[in-house]
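Everything below concerns the one structure shown next.
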Amino acid sequence: MKSSLNIGKRVFIAVIELLALLIFLYAFLLSAEYTNRSMVLLQSAGTSMGLNQNSFAQFFYFVKDVFTGNWGYVASNYPTLGGFSVMAVIGFSLPQTIFLLAISLLVSVPIVILMGIGYSRRVNTTTRAASNLYIALGMVFPIFLVGAFLRFFLYNTSLIISEPTKNLPYWTFPTHIPVIDGLIHGNYAMASSGILVFIIPLLLMVFFSSSFMLQIYRSGILKSLNQGYLGSASSLGLPRWIVVRNYLMIKGSSELFRYIPTVMTSILTFEIVVEAIMTYRGLGWAFYESIITGSYFGAIFALFVFGIVIIISSFLSGIIRILTDPEASGGELYG
Amino acid sequence: MSYTDKSEGEERLEAPTVTMVLRSRQATKSVKVSLANVSAISGAVITAFYLVIGLLDMVFPGYLGTSGSMSNALTAFHGSLSSPSNIVSLGGSGWYILGGTLYGLPILPVMLAAVKFDLAFSLFVVVVSSLIGLVVGLYAGFFGGIIDRILTEISNFFLQIPLIGLAIMVSYLLGFSFFDLAIATSIAWWPIFGVIVRNKARSVKRATFVASAMASGDTPTKITFRHIFPSILPDFAASVFIELGIVVQLIATVDFLNLDPAFRYMPELGNMMSWGVSSTLLGTLTWWPLVIPGLFLLGFTLGVFLLGAGLKRSIRYKTWRNDQR
């Protein structure tokens, strides 16, 4: 019963967050300087979305259009995707963002777990010092600075896309992810070039994401180091590695789950910066390109999709915690 | 202020003097512990170096070689690249000790002006947001219940917004000035402090001295600011320093992405780095316009991080020493 109540609460919070996100973006849409930017296309699109009516009516039109997928068109001066619908641009760029996000998380999580073991003892060890240094480097080095240095020194290599192309790359392929599409269709040249342009963004994402996640993982482990049950487990004769695996690593992971919204927000922020600097054709790049070309709908709905990804991940992590963590489910699972 | 108790034959101190002596001993010990903390000291030295650079421009406005503001000089310079006299107006040959940009600007004076700007921006954001976060966090932590719930959900909402995306939208889409951007960033930044203060306040709330204050009839405002606030101050101060570096990273990132033409020639470290990168696009691999401002930015974030982390460590050490007594 308590679990059902908690799940209901999570659903309610997710709905409120979605509503707040819509109001937030709507406020941006209202405040945008259409006339100053002389975006005739945007003005006509705004009229078609009912934005020439009173504020409340406009908001309902806006919500209706958001949910029916009428997200407007990208400005015609957009260098790569001008004239396409925002939905099409997001459909093209989102899979690449999700792909980069998924692979970087897949690589980062084992790094976090391995480096987190350094905190399983109270004394200072080399592993612990290395983990502390790793966290400090992630905090001190701005991601854009590392990206800018890499971009500068690797500019003439095939690791970076140098210029936006005039057509939609890989548009006709099913997943829009060059590596996967190249492998599926036997186009190995495309797959290998896809891997090359993927390497630097992936390395940047892995380093900064794992460093950030390690901070949270560390706090989970350090909190549980003070718990009495660890002493009991040790006094019962359990080997140290079992204590680490069964208690400390689980506590650290639970802490990561608890802070999933913050983790996702930070990782997506890294992704926006990495994609913009390295010209990786994901949603962050689409957001950046939309901003510099004054395509308001492109920018606003790219941010909307980022918001939706965060809300969904936050909702799912909340539900998983309620179903698996006795602390979050109000102790019902003990019963 | 002391008197001698003849009956017992030993000198006793009046209550206020005892407190003063204890406090001075505690302060001496605190200073000793802090001085022994190498990272805190090196962080303080680095941060002080940047503060001095920032203050120099206020005390000696002409020392950077420009008669007006550096941003006006830069805009004028970039606006008329064909006129070589503008290069001279930015200073003599001594300013070129760190080299020049692709357009012939001396890096050193522009970078010193950039440090001043970055410091002013980040100090404003951190001071405003930490004050909001402090008040909200203290009340949420102390009262708990529905107030805590509402404030937590509001702060959760703000924590779920990618701040760089928000800053980019605010600065470019809404055509805001840097001051407006600083206000918008402060509004989005307060939950970081709010969460830290709230969590600490919740744990301090269970302490005996808070229960005593409540029993003696102190008002909630008095309890939060007089009793709880001093207990969370050390952690709060440490997080303020760490966030100072992160805010500088944010503004440099937004400027590096070079979104608004109006601010393209603002003396700012991220902007300077973007000029450095643009030299690559023009086919010349001159590294110094990118690397030198980058290292300066790195130095500042390293300094405030060391100071914050060092402060935390020395505070933990002092707390541990107090627990041992």
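Averaged over peptide A:267-273, the number of partner chain Cβ atoms lying within 10 Å of each residue's Cβ comes to 4. Ranked by the mean number of other Cβ atoms within 10 Å of their residues, highest first, the peptides A:140-153, A:96-109, B:209-222 fall in the order A:140-153, A:96-109, B:209-222.
Backbone amide hydrogens, once placed in the peptide plane, bring B:Thr101 within less than 5 Å of B:Ile107, excluding anything fewer than 5 places away on its chain.
Backbone amide hydrogens, once placed in the peptide plane, bring A:Tyr73 within less than 5 Å of A:Val86, excluding anything fewer than 5 places away on its chain.
Residue-wise HN-Hα couplings along the stretch A:246-255, as the Karplus relation 6.51 cos²θ - 1.76 cosθ + 1.60 with θ = phi - 60° gives them from phi, are 7, 10, 5, 5, 5, 5, x, 5, 4, 5 Hz; Gly and Pro carry x. Remark: mean inter-chain Cβ contacts per residue of B:251-257 equal 5, using a 10 Å Cβ-Cβ cutoff to other protein chain atoms.
Scoring A:189-197, A:290-298 by mean Cβ neighbours within 10 Å over their residues and listing the highest first yields A:290-298, A:189-197. Globularity index of the stretch A:237-287 is 1.81 (Cα radius of gyration / 2.2 N^0.38 Å, N = number of residues). Whole-Hz Karplus values for the stretch A:23-29 come out as 5, 4, 6, 5, 4, 5, 4 Hz, taken residue by residue from phi with 6.51 cos²θ - 1.76 cosθ + 1.60 and θ = phi - 60°; glycine and proline positions read x. Measuring r between the beta carbons of B:Ser42 and B:Ile132 and using R0 = 41 Å, the FRET efficiency lands at 0.85.
When Rg and the Kirkwood radius Rh are both evaluated on Cα atoms of the stretch B:136-253, their ratio Rg/Rh stands at 1.07.
Tally Lys/Arg at +1 and Asp/Glu at -1 over every other residue whose Cβ is under 10 Å from the Cβ of B:Gly270; what's the total? Don't skip to the answer; put the middle values down first.
On the way: positive: none; negative: B:Asp118, B:Asp255, B:Glu268.
Around B:Gly270, the charge tally is -3.
Can you tally the net charge around A:Phe304? Count Lys and Arg as +1, Asp and Glu as -1, for every other residue whose Cβ sits under 13 Å from the Cβ of A:Phe304. Net charge in that neighbourhood comes out at -2. As a proxy for reagent exposure, A:Trp285, A:Trp241, B:Trp189, B:Trp287 were ordered by neighbouring Cβ count within 10 angstrom, fewest first; the result is A:Trp241, B:Trp287, B:Trp189, A:Trp285. Please go through the residue pairs A:Lys9/A:Lys64; A:Lys223/B:Lys222; A:Lys223/B:Lys205 and name each one whose alpha carbons sit more than 27 Å apart in this structure. In this structure, A:Lys223/B:Lys222 exceed 27 Å between Cα atoms.
I need B:Arg149, A:Arg321 ordered by Cβ neighbour count within 10 Å, fewest first. Walk me through the numbers before you get to the answer.
On the way: B:Arg149 11, A:Arg321 18.
Exposure proxy ranking, most exposed first: B:Arg149, A:Arg321.
Spacing of the modelled spin labels on B:Arg313 and A:Ile98, each 7 Å from Cα toward Cβ, amounts to 4.5 nm. Ranked by how many other Cβ atoms sit within 10 Å of their own Cβ, fewest first, the residues B:Arg313, A:Arg218, B:Arg206, A:Arg281 fall in the order B:Arg206, B:Arg313, A:Arg218, A:Arg281. Using the Karplus relation 6.51 cos²θ - 1.76 cosθ + 1.60 with θ = phi - 60°, the per-residue 3J(HN,Hα) values for the stretch B:223-234 come to 5, 5, 8, 8, 10, 7, 3, x, 6, 9, 4, x Hz, with x marking Gly and Pro. Among A:113-119, B:270-276, sorting by the average number of other beta carbon atoms lying within 10 angstrom of each residue, highest first, gives B:270-276, A:113-119. Taking a Cβ cut-off of under 15 Å around A:Val206, the surrounding Lys, Arg, Asp and Glu residues balance to a net charge of -2, with basic ones at +1 and acidic ones at -1. Remark: mean inter-chain Cβ contacts per residue of B:236-246 equal 1, using a 10 Å Cβ-Cβ cutoff to other protein chain atoms.
Every number here is computed from the coordinates shown, using simple stated rules; none is lab data. Only a predicted model underlies this, so the values are computations on that prediction, with no experimental measurement involved. Note that we place each Cβ from the backbone using ideal geometry, even for glycine, and neighbour counts take in every protein chain shown.
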